[in-house]
Amino acid sequence: MHEITLCQRALELIEQQAAAHGAKRITGVWLKIGAFSCIESSALSFCFDLVCRGTVAEGCKLHLEQQEAECWCECCQEYVTLLTHRVRRCPQCNSDTLRIVADDGLQIRRIEIDGTED
């Protein structure tokens, strides 16, 4: 389960930003899951709650956004969206000459803080 490692790393970055801005508490975090990341949303959510215990992010609201599986088809010469990231053929021409455009990682899109230290 690589979700726990991803959550630990995300929390490190979130805590750095909280410290840099003098935040007392993190109330919300928005994460974008890359279409080709092999990250399970439910596992990510569970692990995020787990790693946030005892930190400034404990109890924060986690917002997850799943990126679409977008690719460039060399044959069609246009962007196509795959219905599943496991299928690697163009839905229009059935070509296998797709170039992945979608991300394969996890991005922190936004952090919401509550109050700052004076």
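In this rough spin-label picture, where each label sits 7 Å from Cα along the Cβ direction, the R109-E70 distance is 1.3 nm. What residue among Q67, Q17, Q77 has the largest mean-square fluctuation in a Gaussian network model of the chain, using Cα springs under 10 Å? Top of the fluctuation ranking is Q77.
For the pair L62 and E15, label points projected 7 Å from Cα toward Cβ lie 1.7 nm apart.
If you take every residue apart from D96 with its C-beta less than 9 Å away from the C-beta of D96, what net charge results, scoring Lys and Arg +1 and Asp and Glu -1? Don't skip to the end; give the middle numbers.
Values: positive: R88, R89; negative: none.
So the environment of D96 carries a net charge of +2.
Return the FRET efficiency for the residue pair C93, K24: r is the Cβ-Cβ distance, R0 is 41 Å, and the value is rounded to the nearest 0.05.
Efficiency, rounded to the nearest 0.05: 0.15.
Once every DSSP H run of n ≥ 4 in the chain is given -39500 (n - 2.57) and the sum is divided by its residues, what mean residue ellipticity at 222 nm do you get, rounded to the nearest 500 deg cm²/dmol? All intermediate terms of the calculation are to be shown ahead of the outcome.
Details: 2 runs with 30 residues, N = 118.
My calculation for the chain gives -8500 deg cm²/dmol from helical runs alone.
Based on the mean of other Cβ atoms within 10 Å per residue, sort peptides 96-109, 46-59 so the most packed one is first. Write down the numbers at each step before the final one.
On the way: 96-109: 14.4, 46-59: 16.1.
Highest mean packing first, the order is 46-59, 96-109.
Within the shell defined by Cβ-Cβ distances under 13 Å, the residues around A43 carry a net charge of -3, with Lys and Arg each +1 and Asp and Glu each -1.
How much of the DSSP bridge set in the range 1-87 is antiparallel, in percent, rounded to the nearest 5?
Details: 5 of 11 bridges.
Approximately 45 percent, going by the DSSP bridge assignments.
Using +1 on the beta carbon of Lys and Arg, -1 on that of Asp and Glu, and nothing else charged, what's the dipole of the chain about the Cα centre, debye to 20? Mind showing how you got there, number by number?
Working: 12 positive and 18 negative charges, 35 e Å.
Its charge dipole is roughly 160 debye.
The gain in end-to-end length when the A102 to A43 segment is fully stretched comes to 19.1 nm, 0.36 nm per residue minus the alpha carbon separation.
Read-outs throughout are calculated quantities, based only on the coordinates presented, and are distinct from any laboratory measurement. Given the structure is predicted, the values throughout are model-derived calculations rather than measurements. With ideal geometry, Cβ positions are generated from the backbone for all residues, glycine too; neighbour counts draw on all protein chains shown.
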